[in-house]
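Visitor: Let me begin by handing over the structure; questions about it come next.
Just so you know, all these numbers are worked out from the coordinates, no wet-lab data involved. None of these values were measured; they are calculated from a predicted model. Counting neighbours? That spans all protein chains shown, and the Cβs are built from the backbone with ideal geometry, glycine included.
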Amino acid sequence: MRIDNQLIQNIMIFTAAIAASWIAGIAVRRWVVWSLHRVAKKTSWKWDDIITETLSKVILLWAALIGLFSANHFLDLPPSIKVYLDRILHVLVIASVTWAVARICSEMIRVYLGGLQEEPHSTSLLVSFSKWIIIIVGALMILQTFDISITPALTTLGVGGLAVALALQGTLANLFSGMQILATKQINPGDFVKLDTGDEGYVLDITWRNTSIRTFSNNTVLIPNSKLADAIVTNFYLPQKEIAVRVSVGVSYDSDLEKVEEVTKEVARETMRDVANITTFEPLIRFHTFNDFSIDFTVIMRAGEVINLYLVQHEFIKRLHRRYAREKIEIPFPIRTLQMKEPERQG
């Protein structure tokens with residue numbers, strides 16, 4: 001009978017503690033977290049949204065853990081079992097806090113790096129690295145909870161890490177090369193780059209092993225970070241996205257060069273305004289060669305970014321050809337005059 005009464009008492013204490021903590025957790029989530037969430041929506045700062053969203057997911061779990069701690073204190077159980085349950089609850093608390101901190105930190109890093117560019121892009125390397133650092137710290141704290149000394153574990157990790165480093169030289173080289181690329185900010189996700197191998201396209205992501213680039217043909221090129229760090233890279237987005245557009249043109253020797261320069265500039269201005277939406281840059285005309293059939297010059301314009309370069313060239317050539325025809329400006333083409341020598345008459 002005493003055992004039955006004790007069991008019923010423990011069940012009642014456990015049920016009351018869980019119910020009270022659950023109700024308190026719902027109340028906190030409804031009145032505090034939701035209030036913070038409404039305030040966060042009114043601000044332009046995205047980090048408070050991340051914090052409130054994470055808290056809303058773990059607040060009920062933390063409330064339940066508080067209830068379990070309270071129940072364990074009042075339950076009539078053997079001391080050894082109480083100590084064991086207390087350690088399990090500590091592990092759950094550390095694990096939940098580790099998850100919340102890892103999520104908040106990784107999302108803040110993602111938002112921060114996305115804010116450095118006009119469009120957000122994935123940055124898997126730093127996000128994953130920050131998560132694993134926090135998870136390792138949480139795991140060490142859990143070991144400390146079970147009275148397991150972490151000093152031998154750190155020593156073992158040091159010796160084992162040396163062996164792993166020797167076995168995974170290529171992998172570690174890619175990892176640290178990726179961290180170096182992100183730290184220098186010379187290549188960022190979203191940039192348009194061209195490598196000395198001829199590969200070019202938009203940087204999609206920089207992971208712990210490789211960098212993915214989407215080409216104009218909509219294919220993905222995977223480049224190991226170590227090779228990317230050693231490659232000669234042209235970043236078309238640094239120091240700014242605007243890019244020079246050069247078109248070579250030739251006119252006949254009979255042309256009025258002053259008129260040619262004026263007409264060509266007008267067409268260049270119209271093309272930049274209509275195609276690239278650029279009105280502040282004054283196109284440049286530079287005559288440079290007396291060629292065999294023409295006087296050659298280069299037209300220098302601007303495009304908003306590299307993807308518009310070919311479109312600006314395309315439209316400029318069409319418009320310039322039409323305008324030259326209207327202005328009677330000749331674009332010469334090679335002409336060869338052949339002189340046929342008559343055979344000598346004999347006798």
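Visitor: Could you tell me the calculated FRET efficiency between ILE307 and LEU172, based on Cβ-Cβ distance and R0 = 35 angstrom, to the nearest 0.05?
Guide: 0.50
Visitor: Right, here's the next one. Rounded to the nearest 0.05, what FRET efficiency do ILE135 and SER80 have when you use their Cβ-Cβ distance and R0 = 22 Å?
Guide: 0.15
Visitor: Between THR234 and ALA19, what length comes free when the chain is fully extended (0.36 nm per residue of separation minus the Cα-Cα distance, one decimal in nm)?
Guide: Full-extension gain reported as 71.2 nm.
Visitor: Moving on. Determine the gain in length on full extension of the stretch THR197-ALA325; use 0.36 nm per residue of separation and subtract their C-alpha separation, reporting nm with one decimal.
Guide: Gain in length upon complete extension: 41.9 nm.
Visitor: Then there is this: Multiply the residue gap between ALA64 and ASP292 by 0.36 nm, knock off their C-alpha separation, and tell me the result in nm, one decimal place.
Guide: Between ALA64 and ASP292, full extension yields 73.3 nm more.
Visitor: How far is it, in nm, from the label point at ASN218 to the one at LYS57 when both lie 7 Å from their Cα along the line to the Cβ?
Guide: Here the answer is 3.3 nm between the modelled labels.
Visitor: Could you list, in their original order, any pairs among LYS82/LYS131; LYS194/LYS318; LYS185/LYS241; LYS185/LYS227; LYS57/LYS82; LYS259/LYS318 whose Cα atoms are separated by more than 24 Å?
Guide: From the list (LYS82/LYS131; LYS194/LYS318; LYS185/LYS241; LYS185/LYS227; LYS57/LYS82; LYS259/LYS318), the Cα-Cα distance tops 24 Å for LYS82/LYS131; LYS194/LYS318; LYS57/LYS82.
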